[in-house]
Amino acid sequence: METLGIGSVPAATRIALRRRFQTQVTTWMVTIPIWLVEARILFAITGEWFASDAPVWLREDLRVNDPSALSRAAWTQLGRDFAQVVPFLLLARRTSSAVATLFGAYGYRYSRVDIWAGLINECAKIYQTRGAVHGRLELENLRYSVLAVRGAASMRGTVPFFAWRRRYLARRHAADVAATFRAVAAMMDANPREGAVKLARLALRTSERYAEGRVSALLDEEEMVPRRSGAEAVRLVFAALMIAAMATLGAAFSVPSQIVAVAAVLAIAVLYRHSIPRGLEILTLLAALLLVAR
């Protein structure tokens, strides 16, 4: 901190780091058994459905041993694994947040503060070596710090799960903060020392706001770099891929057209939930993919 000249560590950040290290072992002791129980229950429920209630063709594909990589059975088994693992990971993240609130075990909740502290330490090394460790920052600490920003709202536990509007705004803000981190890190190509100081200051401010529970104000507006949003193009490409996949799989597995159409509408509704008219336009545009595959 003294090397970079960005001031002292805020009290909220110091308290968060102290709580993380003091309760880390307790967090493991409480959380891991809960995760094991959740995994057992979730895999038992989904496994029972796949074994007895799933369609006949699905059960037959799941019984195939060592299917070839491009066969329908291989893709079916991959989808089964995906359907089991992803819900467990989402549930585990919510559990980690709840454990901190119920048991005072803050090991996972404040692990993000520790990640940002590591980023500040790397920035200090860059400042001292005039950019000699820039590549290591790009590959390790910056990536983890950006991921920590994007998951801040869910892990901190200050935004209720069913407060959809607040969660959406928190995610938007996190995306802006992550883009700011990357933009400032890119400055190191031209001026490593100046970029290191700016990035460390952003990480320090973010860690303080997160420790205080201000996940929708991790940085001030004047600190953030305007973000070039390519979200619309990404959504359009993703929507086209999903519709094409639904149409192809529906035709291959003889799924009724009505089910494929409903699935397509639901997928578009999720992608464009904040702009339904735009979503309907995209669905109309991509409907030809469904018709061609049928």
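Observations on the structure shown:
- Residue-wise HN-Hα coupling along the range 79-91, computed from phi with Karplus coefficients 6.51, -1.76, 1.60 (Hz; x: Gly, Pro): x, 4, 4, 4, 5, 8, 6, 4, x, 5, 5, 5, 5
- The angle between the Cα long axis of helix 192-212 and the main principal axis of the chain comes to about 70°, on a 0 to 90 degree scale.
- Calculated [θ] (222 nm, deg cm²/dmol) that DSSP helices of n ≥ 4 give over the chain, each run adding -39,500 (n - 2.57): -24000 deg cm²/dmol
- Gyration tensor (alpha-carbon) shape descriptor, the chain, a/c threshold 1.5: prolate
- Helix 276-293 vs. the chain, principal-axis angle (Cα, 0 to 90°, nearest 10): 40
- Where the range 77-127 is the region considered: accessible area per residue in Å², 1.4 Å probe: 44
- Relative contact order, percent, the chain [alpha-carbon distance under 8 Å, six or more residues apart]: 18
- Accessible-area composition of the chain, carbon plus sulfur, in percent [1.4 Å probe]: 63
- Put a dot 7 Å past the Cα of residue 214, heading toward its Cβ, do the same for residue 26, and the two dots end up 2.7 nm apart.
- Compared with the dominant principal axis of the Cα atoms in the chain, helix 257-271 is inclined by about 10°.
- Rounded to the nearest 20, the size of the Cβ-charge dipole of the range 57-96 about its Cα centre is 220 debye, with Lys and Arg at +1 and Asp and Glu at -1.
The values are calculated or read from the model by the stated rules, or taken from the named source; none is laboratory data. All of these numbers come straight from a predicted model, not from anything done at the bench. Please note: Cβ atoms are built from the backbone with ideal geometry, for glycine as well, and neighbour counts cover all protein chains shown. What goes into the accessible areas is simple: the full protein's heavy atoms, side chains included, and nothing from ligands, DNA or RNA. Shrake-Rupley method; radii C 1.70, N 1.55, O 1.52, S 1.80 Å.
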